[in-house]
1. Give me the dipole magnitude in Debye, nearest 20, for segment B:115-213 about the Cα centre, with unit charges on the beta carbon: positive for Lys and Arg, negative for Asp and Glu.
2. Mind giving me the nanometre distance, one decimal, between the label points for residue B:42 and residue B:60, set 7 Å out from Cα along Cα→Cβ?
3. Taking the Cα centre of segment B:1-98 as origin and charging only Cβ (+1 Lys, Arg; -1 Asp, Glu), how large is the dipole, in debye to the nearest 20?
4. Could you work out which residue, out of A:136, A:158, A:193, moves most in a Gaussian network model of chain A, that is, has the largest mean-square fluctuation with Cα springs under 10 Å?
5. Between Rg and the Kirkwood Rh of segment B:194-342, both from Cα atoms, what is the Rg to Rh ratio?
6. Amide H of residue B:578 versus every other amide H placed in the peptide plane: which residues, excluding those fewer than 5 positions away on the same chain, fall under 5 Å?
7. Scan chain A and hand back the longest stretch that contains none of the GluC sites (Glu not before Pro) lying in DSSP loops with at most 11 other Cβ atoms within 10 Å.
8. Please report B:618, A:224, A:157 as a ranked list, fewest other C-beta atoms within 10 angstrom at the top and most at the bottom.
Amino acid sequence: MSAVTTHHDDHAHDDTHAHELPYGQQLRANRLGLWLFLFSEVFLFVGLFAARFYLWRDASGVVRPELDQVAGLIATSVLLISSYFMVRAEVAVQHGEQKKMHNSLIMTFVMGSLFLLSVIFIEWGVLDLILDNMFGVTLFAHEAIKPGDGAFGAVFYGMTGMHALHVISGLVLILIILANGHKGAFTEERHWGVEACAVYWHYVDVVWIFFYPALYLIGTAVTYHT
Amino acid sequence: MKAILTFTRSRFARALVAGALGLIVAAILVAILNSAHTTWVTPGLEALGVQLPGQLLDLAFWAVAILILLAIVVTAFLSGFGMFHSRRMGRFWYYAAGTALVWGVLGQALTVAIVLFISYLTMGSDFRLTDGNVALAAIFSVIGFLLFSGVLTDWIQWIFGHKTELHHGAPEGEPEWMRYFSVDVNHKVIGIQYAVTSVLVLLVGGTLAIVFRLELSAPGMQLITENTYNTFFSAHGIIMIASILLGVGAMVNYLVPVMIGASDMAFPRLNAFSFWVSIPAALLIVSAMFVDTGFDTGWVGYPPLSTVGSLGIILFLLGFYFNGFASIASAINVLVTVGVMRAKGMALFRMPIFVWTAISASIIQFTATQTVGVALTMVVAQRALGLGFFDPTPVAAGVPVGQPLLYQQLFWFYSHPVVYVFVLPGLGVISELLPVFSRKPLFGYKWVALSSLGIALVGFLVWAHHMFVSGMDDSLRIPFMISTMFVGIPTGVKFFSWLGTLWGGKIIYPTPMLFVLGAISVFLIGGLTGPILATVPTDMHLHDSYWVVGHFHATMFGGFIFPFFAALYYWFPKITGRMYNERLGKLHFWLMVPGFWVMSLGQMRIGLMGMRRRIANYDPALGVEGTQILITIAALVIAWSVLIMLYNLVSSARSAELAPENPWESRSPEWVAPTPLPEFNFDRPIEVVGDPYDYGLADSKYIQTIPAAGD
Ligand code: HEM
Ligand SMILES: [Cu+2]
């Protein structure tokens with residue numbers, strides 16, 4: 001039994017039997033698919049966001065833990081500026097300037113990595129942990145927040161962790177685009193890969209624009225000792 | 001990369017896989033023999049007074065066992081090379097070792113072994129299963145399955161800059177039927193894969209239900225322990241939900257592209273991916289029953305129990321999570337397909353009505369599923385990483401603590417809307433079939449189309465009606481009670497459209513039509529009992545009682561199971577080219593419908609009498625015994641009727657007479673196209689020139705073929 005008849009003749013290969021969609025239609029499908037995916041992810045981030053406002057409350061109202069404001073501000077700026085280079089990369093590929101695209105992507109990659117490293121080493125306190133264990137010095141004024149610090153720890157690590165996962169996947173995408181760009185995969189007219197990577201990167205940026213104030217700015221700061 | 005791919009396609013790789021499969025099968029066999037040996041043979045011989053010196057018997061047993069094991073492994077291994085091909089056994093091993101399913105399962109098993117081994121290396125002699133290593137093993141096991149089954153191969157090639165073409169037809173050098181066990185990109189093959197998997201999963205869930213239904217037929221404990229009971233009803237719930245999601249996937253995949261006149265889905269590879277992710281996810285859920293003390297949280301997985309209970313709960317949570325993952329991917333695919341792949345003239349309000357329900361269900365799936373994903377991830381994160389989202393233990397002065405109720409908010413924000421994912425496609429089948437069998441236009445097409453969207457949107461505003469007695473803020477009760485009542489409006493639109501369509505029609509009653517009418521009657525029971533639960537004062541009493549069980553079984557059966565069965569019968573001639581047996585179909589119906597009424601109304605009755613849900617035992621003083629027995633009998637009748645359907649479909653697919661091209665005289669594109677459907681659905685592109693449901697209107701045409709320029 002077979003529910004599908006297969007074509008064995010070459011009649012099946014005329015254009016009425018589109019195996020692959022024509023480029024224009026495929027591009028429209030890809031764009032719509034990507035945006036729907038990003039819209040879907042909005043619900044992931046809103047879920048975390050809602051958890052933050054649900055949990056970070058006390059009798060007086062909205063609270064937040066004391067975080068390292070300088071580190072947070074620098075990391076945020078680095079991430080935002082990285083988006084500028086991503087725009088440059090996309091414009092470059094539209095003009096067929098492969099070299100410029102390459103350099104801009106590298107810049108984006110470097111800045112994205114800096115953001116990631118600052119999250120892991122400074123905001124998560126991994127650097128302090130290492131320094132403290134190896135040399136017994138403490139570098140930062142504020143003790144980093146720990147995963148076990150009640151709702152503070154849970155939400156902080158949950159939100160930054162989920163965002164960091166997206167930054168990492170963005171970085172991997174950039175690497176893939178770089179490698180394929182080298183092989184000449186993108187032309188002035190056809191560069192869906194670059195476009196997708198750019199849209200994704202900006203999206204991850206925008207998410208941080210919401211997460212940053214939620215974590216660092218809104219509510220009364222609470223100092224505590226565990 | 002190339003080298004790996006060539007290796008996986010070699011005879012040697014096939015032989016290895018066959019051998020590995022043989023090893024697993026043989027190991028299971030030996031385990032069974034061993035338990036027989038220790039429980040029967042040894043004590044039996046002792047009872048007979050036979051005294052064997054020392055360990056002789058054990059030695060003999062193991063010698064035989066190892067011989068059997070070796071024989072199976074070697075046969076399987078050699079069969080992988082194509083030896084023994086003239087024997088059934090040899091062909092079994094040979095073909096099995098070529099399927100994506102077997103490769104995937106082996107990949108999954110291998111990954112679990114690797115993760116646990118690494119964990120053993122780091123933990124040393126005090127190795128044991130922990131929250132952390134179980135969670136990691138589960139997550140990686142899904143990736144292992146996907147890598148080994150070949151679902152990711154094309155994408156991995158793309159990463160390295162190799163273009164790949166879509167492969168159509170059976171895998172190279174394999175017979176045609178192997179498509180159904182391979183990673184195939186054709187939406188019809190995937191639709192059938194979904195349907196068969198859905199029915200198999202349904203049987204697993206149903207078997208569990210029969211066991212605990214037998215347990216409930218009398219007070220006290222007869223068959224199983226309390227803990228097994230808990231695991232069984234939890235597993236039953238989530239397995240049935242997985243089955244329903246698969247069934248929805250089946251209908252949507254098979255029908256939507258043809259119905260809109262497209263050649264396939266917009267993203268065929270993603271389509272295959274969505275299907276194949278749900279296999280390892282289902283395996284995780286099933287394995288959850290056997291790890292540690294099973295899982296006893298119910299399908300909802302509320303903390304605090306889910307954050308401290310058995311390790312099996314982690315497997316359940318992650319299985320649920322990956323099912324959701326598949327659901328999101330396939331929903332996006334459906335939406336894009338309808339967005340960009342419609343045939344010429346296929347305006348939104350000219351699409352077959354089923355497509356509207358598919359879109360509405362997809363809108364819910366690709367958004368709300370994320371929030372349950374967050375909730376499930378949080379529980380796993382709390383267990384494995386110590387992030388206390390739901391842990392109310394105080395930490396230090398000034399630090400807010402986690403709250404179990406947060407889980408319920410996130411969970412129900414998905415899980416109320418998802419009930420519409422289950423039922424909307426089913427309601428779509430009802431609206432699709434009624435005009436065909438009453439030979440009349442669908443009453444109020446536009447209203448029905450929009451009512452699906454309406455149900456989907458209102459569905460987002462009602463989630464807290466599951467939490468009236470959970471301790472949430474009292475002031476939220478009334479708003480959620482009112483918003484819930486609003487669901488009745490678009491649902492009512494559908495009911496009136498069905499009545500209006502039937503009214504004055506020339507109705508005929510083949511099996512699919514009977515199931516549609518049965519669905520309406522059952523869905524009505526479910527729909528009428530909902531508002532009683534949505535009313536706060538009555539829900540205070542009915543919450544967590546068997547009334548709720550009666551309510552949602554009626555909605556699920558009326559909204560999904562009956563329409564799904566109607567769909568199976570209705571599109572069976574399209575899929576197989578043969579006609580099912582009408583008498584057996586009618587028998588199925590006349591057993592199942594009264595069976596269901598008795599079961600559902602009986603559940604509501606004992607609920608009113610004070611029977612709690614999710615309880616293995618009950619007080620004879622409740623006076624529910626008689627009804628419990630009745631419910632159990634009804635459940636058995638339903639189970640048998642489903643088996644009759646399976647027999648009917650399987651035997652008819654093999655040998656029944658050929659069906660006419662368009663046995664129901666439908667106007668829908670899938671029936672106008674040839675049977676079986678060509679690889680790309682239409683030999684020539686079609687165009688829409690009229691309305692879909694103008695039955696009985698002379699000379700009205702819905703679609704026609706666009707003549708090719710050269711013809
Ligand atoms: C579309 C079909 C529907 C389906 C598939 C459905 C399904 C369900 C399910 C699965 C539950 C139990 C959840 C659990 O606790 O495990 C449930 C409970 C409930 N349903 Fe429905 N339902 C449907 C329609 C409705 C309607 C139309 C209403 C009200 C107008 C409604 C109101 C409720 C309420 C208030 C509860 C919570 C009862 C309680 O736990 O105390 N449902 N439903
Ligand atoms: Cu609900």
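What follows is calculated from the coordinates using simple rules that are stated; it is not laboratory data. Keep in mind that this is a model prediction, so the values were computed, not measured. Cβ: placed from backbone, ideal geometry, glycine included. Neighbour counts: every protein chain shown.
1. Dipole magnitude for segment B:115-213 comes out near 320 debye.
2. 1.5 nm
3. Around 840 debye, computed over segment B:1-98.
4. Most flexible of the set in this elastic network: A:136.
5. In segment B:194-342, Rg relative to Rh is 1.08.
6. HN-HN under 5 Å from residue B:578: B:659.
7. Here the longest run is A:21-187.
8. A:224, B:618, A:157
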